[in-house]
Amino acid sequence: KGFTSSYDNGVNRDSFVTDYNNLLKQIDQLAKDASFNGVNLLDGNALTVKFNEDGSSKLDINGVSYGASGLGLSDTTTSVFQSDSGINNVIATLDKATGSLRTQASTFGNNLAVVENRKTFTNALIGVLEAGAGNLTLADTNVEGANLLALQTR
């Protein structure tokens, strides 16, 4: 007699289907909960980041719908997990979804780099403007008093 694995009887595969479907529900919930200040880039919302006061310099960030269905994932049935080829098809779909997530993460990362560079530039510009304003308004009264006396004397 050959060795019989407990995986062959389908009981464990049935529980894997339940786990898989529960994970898809968690993916949907995580995507819905990924909002900040009312914008959820994973639920299809778009974001416009304006870099100046009139909005002529801006970055438009397009959102994606990356719940389970947006990634090409859907609930499965126990019949799919009963065969190795069915499981391999699900794995191929998961690999494709992972590729989509990596590509989108790269896009969001590039957008973040642009925003951070602009923030660094803006903070440096603010520092220069504040220093200039300070030089105009925080004059040394002793020096300015001496200059005034010199002008009055002339």
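Of note:
Yes/no per residue for (1) surrounded by 10 or more Cβ atoms within 10 Å (Cβ to Cβ); (2) more than 30 Å from Ala31 (Cβ to Cβ); (3) in contact (Cβ under 8 Å) with a residue 60 or more places away in the chain:
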| site | (1), (2), (3) |
| --- | --- |
| Ala97 | yes, no, no |
| Ser100 | yes, no, no |
| Val114 | yes, no, no |
| Phe121 | yes, yes, no |
| Glu130 | yes, yes, no |
| Thr137 | no, yes, no |
| Glu144 | yes, yes, no |
| Gln152 | no, yes, no |
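- Test for Asn62: is it without any contact (Cβ under 8 Å) to a residue 60 or more places away in the chain and either under 26 Å from Thr18 (Cβ atoms) or open to solvent by 90 Å² or more (accessible area, probe 1.4 Å) (or both): yes
- Selection from the range 30-53 of residues that are under 13 Å from Ser69 (Cβ atoms) and open to solvent by 70 Å² or more (accessible area, probe 1.4 Å): Lys32, Asp43
- Some residue of the range 104-111 being open to solvent by less than 100 Å² (accessible area, probe 1.4 Å), at pLDDT below 95 and either in a helix (DSSP H, G or I) or basic (Lys, Arg) (or both): no
- The range 23-44 - residue that is modelled with pLDDT under 95 and polar (S, T, N, Q) and, of those, nearest to the chain's Cα centre (by Cα): Ser35
- Residue tally, condition open to solvent by less than 80 Å² (accessible area, probe 1.4 Å) and in a helix (DSSP H, G or I), over the range 78-90: 6
- From Asp19, Asp75, residue being free of Cβ contacts under 8 Å to residues at least 40 places away in the same chain and open to solvent by 70 Å² or more (accessible area, probe 1.4 Å): Asp19
The values are calculated or read from the model by the stated rules, or taken from the named source; none is laboratory data. Fair warning: this is a prediction, and the values are worked out from it, not measured in the lab. Ideal geometry is used to build each Cβ from the backbone, glycine not excepted, and the neighbour counts take in all protein chains shown. Keep in mind that these areas ignore ligands, DNA and RNA; they rest on the heavy atoms of the full protein, side chains included. Shrake-Rupley method; radii C 1.70, N 1.55, O 1.52, S 1.80 Å.
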